[in-house]
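Below is one structure, written out as structure tokens, with a few remarks after it.
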Amino acid sequence: MAIVTFAPTWLFRQNYQSPVRETSMPQLVLSIDAGTTGIAVLIVDEAAVVRSRVYGELTQHYPRPGWVEHNPVEIWSLTHRLMGQALSESGASAQDIAAIGITNQRETVVLWDRRTGDPVAPAMVWQDRRTAPICERLIADGLEDEVRSRTGLLLDPYFSGTKLLWYLENVEGARARAEAGELAFGTVDSWLVWNLTGGRVHATEPSNASRTLLYSLRDRGWDPFMLERLTIPPNVLPKIHPSSGRLATCDLLGAPVPVSGVAGDQQAALFGQACFDDGMVKNTYGTGSFVLMNTGSRITYSQHRLLSSAGWDVGSGPSFVLEGSIFVTGGAIQWLRDGLGVIAAAADTEPLARTVPDAGGTYLVPAFAGLGAPHWDPYARGAFLGITGGTTKAHLARAVVEAMAFQTRDVIEAMVADSGIGLSELRVDGGASAMDLLCQLQADQLGVVVRRPTNLDTTAMGAAYLAGLAEGVWSSLDEIRSLWTVEAEFEPARSRDEVEASFAGWKEAVARTRGWIEH
């Protein structure tokens, strides 16, 4: 792959105002959702109706235990192909597209040659654990509290900065070339923007930047202290711009189309759920779950080991979020299917779980790879507790679903304690949110209404909204809020005594899994 390099052209407006809408303006947005296992491209109209949706899988590479890689060339070539396919299936042309939006797997990183555009190494995926020794080294140096104060993050291989340091220390010639200004580093959003703009623009935005360990939440830019401590040359980094605003122009579709919206996947989902007010919370039930609370213009540092990050910036400065990452929720359904053969398909979980009124006093703690937020115990292991001679596979299926609701409550209680903001509702998305049983159990545990939107493509919709907001497809956050529609609502139905008794049992079950593996 060769990319011609041009002088960067920055078209961001620092003081964002949505353009005046004209009837002759194109009113479609192309949204790229570059996920971990695949890429989706949507064409969305001004009524937030999806005109077309296409998807392609990404190849996963596991060259060594704990290593997870993607081919950056495949990420781009697949994206480019799907863009054309989405346009074709929608019946639209490039002239009909008002803007391109991008959302992405946040901590996956790419390092490439500025002159040729060629990657100098495989993309290191967010799940990759090879930088654990670097993190341990930094913790031993006493940096953990400083890192948390500056970045809102933990010292963990999950985040991007230590991945970049690994490249510089292990890819032949990388450090010298980086210091000479020959290399560019970025998360997947930066890689896509570079390619969409023919190598003219090297950029990112706050939600992705804030997941690198290199971004200062307070100063809203790259942190000189963190760059020095991780020995990162500043000239390798992308320029940080608002999440919504005209970045540059893509000329690859047959007519110029502005690239005008970018956000990391979980923040994009929060935006796509129209969680614009302080204290609004969404949960995405995927393989794991990501619970995010909008804390507005206030940075909230967690006392319960939650993460603080930038949410988005529509031109007036970033909003902030608290985030709790749960390692296994829907992944336990996959385990039921592939590991145990209890179900033939994921969709069988709810019907099986509904054949019993409750889990019969059993609890599944799916700590298959340790516990995430708010426990952060890598030495915990999974357990199915409370089994009797009357326990059936239906009780196990029910316990799997209940565990999703219990883990979410764990995180949300920590968020409420950290933020001082009470929960009024929970908005849900992700594959498992299609289960009415789960949504009802969640409403019962939280004691608030759970709302499931009509459109579950909230991540891609968030990117579309950010892009369309910049180009006048939508005039304001209030207009976007009006487009969010509810497919189903679930009100609390169980007595609080019953709910609290079940949650007390859950907490006892979790306690018995802690520290199972010796340190």
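The values are calculated or read from the model by the stated rules, or taken from the named source; none is laboratory data. Just so it is clear, the model here is predicted, and its values are computed rather than measured. Backbone-built Cβ (ideal geometry, glycine too); neighbour counts: all protein chains shown. Just the protein is used for accessible areas: all its heavy atoms, side chains included, with ligands, DNA and RNA removed. Shrake-Rupley method; radii C 1.70, N 1.55, O 1.52, S 1.80 Å.
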Would you tally the net charge around Thr329, using a Cβ to Cβ cut-off of less than 13 Å, leaving Thr329 out, and scoring K and R as +1, D and E as -1? -2
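Around Ala140, what is the net charge, scoring Lys/Arg as +1 and Asp/Glu as -1 over all other residues with Cβ under 15 Å from its Cβ? Walk me through the numbers on the way to the answer.
Values: positive: Arg137, Arg229; negative: Glu136, Asp141, Glu144, Asp145, Glu146, Asp156.
Summing Lys/Arg as +1 and Asp/Glu as -1 gives -4.
Could you tell me whether segment 79-130 comes out rounded, prolate or oblate from its Cα gyration tensor? Rule is a ≥ b ≥ c as square roots of the eigenvalues, rounded for a/c under 1.5, then prolate if a/b exceeds b/c, otherwise oblate. Before the final figure, lay out the partial values.
On the way: a/c = 2.99, a/b = 1.98, b/c = 1.51.
Since a/c reaches 1.5 and a/b is larger than b/c, the shape of segment 79-130 is classed as prolate.
Is the C-alpha gyration tensor of segment 384-465 telling us rounded, prolate or oblate? Criteria: a/c under 1.5 is rounded; beyond that, a/b larger than b/c is prolate, otherwise oblate.
Values: a/c = 2.64, a/b = 1.49, b/c = 1.77.
Oblate is the answer for segment 384-465, as a/c is 1.5 or above yet b/c matches or exceeds a/b.
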Treat every Asp and Glu Cβ in segment 376-483 as -1 and every Lys and Arg Cβ as +1, leave all other atoms uncharged, and give the resulting dipole magnitude about the Cα centre to the nearest 20 debye. 420 debye
Mind checking the log10 I(q)/I(0) for segment 370-411 at q = 0.17, 0.19, 0.32 Å⁻¹? Debye, one equal scatterer per Cα, no solvent, two decimals. -0.57, -0.68, -1.11
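Where Lys and Arg each count +1 and Asp and Glu each count -1, what net charge lies around Asp33 among other residues with Cβ under 12 Å from its Cβ?
Numbers: positive: Arg53; negative: Asp189, Asp265, Asp457.
Around Asp33, the charge tally is -2.
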Could you give the Stokes-Einstein D for segment 113-157 in µm² per second, using the C-alpha Kirkwood radius, 37 °C, 0.692 mPa s? 262 µm²/s
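So what is the accessible area of segment 109-249 per residue, in Å², with the probe set to 1.4 Å? Before the final figure, lay out each step's value.
Working: 4560 Å² over 141 residues.
Counting only protein heavy atoms, the per-residue value for segment 109-249 is 32 Å².
I need to check one value: relative contact order of the chain, counting alpha carbon pairs closer than 8 Å and at least 6 residues apart, in percent. Don't skip to the answer; put the middle values down first.
Details: 1197 pairs, mean separation 86.9, N = 519.
Relative contact order here is 17 percent.
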Is segment 328-390 best put as rounded, prolate or oblate by its Cα gyration tensor, with a ≥ b ≥ c the root eigenvalues, rounded for a/c under 1.5, and otherwise prolate when a/b is larger than b/c, oblate when not? oblate
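Could you sort 139-145, 361-367 so that the peptide with the highest average Cβ count within 10 Å comes first and the rest follow in order?
Values: 139-145: 11.9, 361-367: 23.0.
Most protected by this proxy first, the peptides run 361-367, 139-145.
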Could you work out the helix-only [θ] at 222 nm for the chain, with each DSSP H run of four or more residues adding -39,500 (n - 2.57) and the total divided by the number of residues, to the nearest 500 deg cm²/dmol? -9500 deg cm²/dmol
Please report the carbon-and-sulfur percent of the accessible area for segment 181-338; probe 1.4 Å, protein heavy atoms only, DNA, RNA and ligands left out. 49 percent
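Once the piece of chain linking Asp377 and Gln95 is laid out straight, how much longer is it, given 0.36 nm per residue of separation minus the C-alpha distance between them? Let's see the in-between values first.
Working: separation 282, 0.36 × 282 = 101.52 nm, distance 5.19 nm.
Value of the extension gain: 96.3 nm.
Quote the charge dipole size of the chain about the Cα centre in Debye, to the nearest 20; the model charges only the Cβ of Lys and Arg (+1) and of Asp and Glu (-1). Intermediate results must be reported in sequence, preceding the final value.
Numbers: 42 positive and 59 negative charges, 112 e Å.
In total the dipole reaches around 540 debye.
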Starting from the coordinates of the alpha-carbon atoms of segment 398-519, obtain the Kirkwood hydrodynamic radius over all distinct pairs and give the value in Å to one decimal. 16.6 Å
Could you give the semi-axes, largest first, of the ellipsoid that matches the chain, computed as the square roots of 5 times the alpha carbon gyration tensor eigenvalues and rounded to whole Å? 37, 27, 21
Mean shadow area of segment 31-147 over all directions, Cα convex hull, nm²: 10.4 nm²
Using the Kirkwood formula over every pair of different C-alpha atoms, what hydrodynamic radius in Å results for segment 111-260? 16.0 Å
Provide the per residue accessible area, probe 1.4 Å, for segment 300-393, rounded to a whole number of square angstrom. 40 Å²
Reduced Cα scattering model of segment 314-427, Debye log10 I(q)/I(0), q = 0.12, 0.15, 0.20 Å⁻¹: -0.51, -0.74, -1.09
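Mind ordering 419-429, 93-103 by average Cβ neighbours within 10 Å, highest first?
The most tightly packed comes first, giving 93-103, 419-429.
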Hull shadow area, averaged, segment 176-249 [alpha-carbon convex hull, nm²]: 5.1 nm²
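Run the accessible area of segment 425-519 with a 1.4 Å probe and give the carbon-and-sulfur part as a rounded percent.
50 percent
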25 Å Cα-Cα reach of Lys507 towards lysines, excluding residues that sit fewer than 8 places from it in its own chain: Lys282, Lys393
Could you give the Stokes-Einstein D for segment 98-174 in µm² per second, using the C-alpha Kirkwood radius, 25 °C, 0.890 mPa s? 175 µm²/s
